[in-house]
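As structure tokens, the structure follows; a few thoughts come after it.
None of the figures in this text is laboratory data; all of them are computed from the coordinates on show. Because the structure is predicted, anything quoted here is derived from the model rather than measured. Heads up, the Cβs are rebuilt from the backbone with ideal geometry, glycines too, and the neighbour counts pull from every protein chain shown.
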Amino acid sequence: MLLRPLRALLAQPALCTLTLAMPNLPKGLRQTYDLQDFAYHAAMAMKDSLTKEGKMTVERDDAMAITALIRAHDTCRDRTRIDRGRPLPGSFRPETKRKGRPLMAKILSARDLTTFAAEVVPPSPQPESTPTTVNAEAS
């Protein structure tokens, strides 16, 4: 059952038009696009061959083949994304720039800091001068 649509697909002329439009692609990326196109066209050929009288009948083997084609197409899309250097959606977080404090806040905080320091830290006590008596007799 699987070989019937693939034979019909292989009998058609080249189906890959994407790589013909972009000739400067690296070889690996071009092959990935070719395989992706092949998987898509094979799945569409299976769809046409499984449709009879406007109704699609899918047997177990056909369903497994369709699943394999979808998996191949998805893998090719991931390979294309990786080859192009694109991360998975939502995984790239740009570096956030730290916002500086506004100038007025810096001025206020510097002024508040000096007044706060004056209030919190009491001035150091000066030693009181005690009158010293010189004993004239001791000399």
(message) Around Gly28, under 10 Å between beta carbons, what's the net of Lys plus Arg minus Asp minus Glu among the other residues?
(response) +2
(message) Cut-off is 10 Å between beta-carbons; in what order do Asp62, Asp83 appear when sorted fewest neighbours first?
(response) Asp83, Asp62
(message) For Met56, what residues show an amide H to amide H distance below 5 Å, using hydrogens built from the backbone and excluding near sequence neighbours?
(response) none
(request) Could you please report the charge total around Pro87, scoring K, R as +1 and D, E as -1 over all other residues with beta-carbon less than 15 angstrom from its beta-carbon? (result) +3
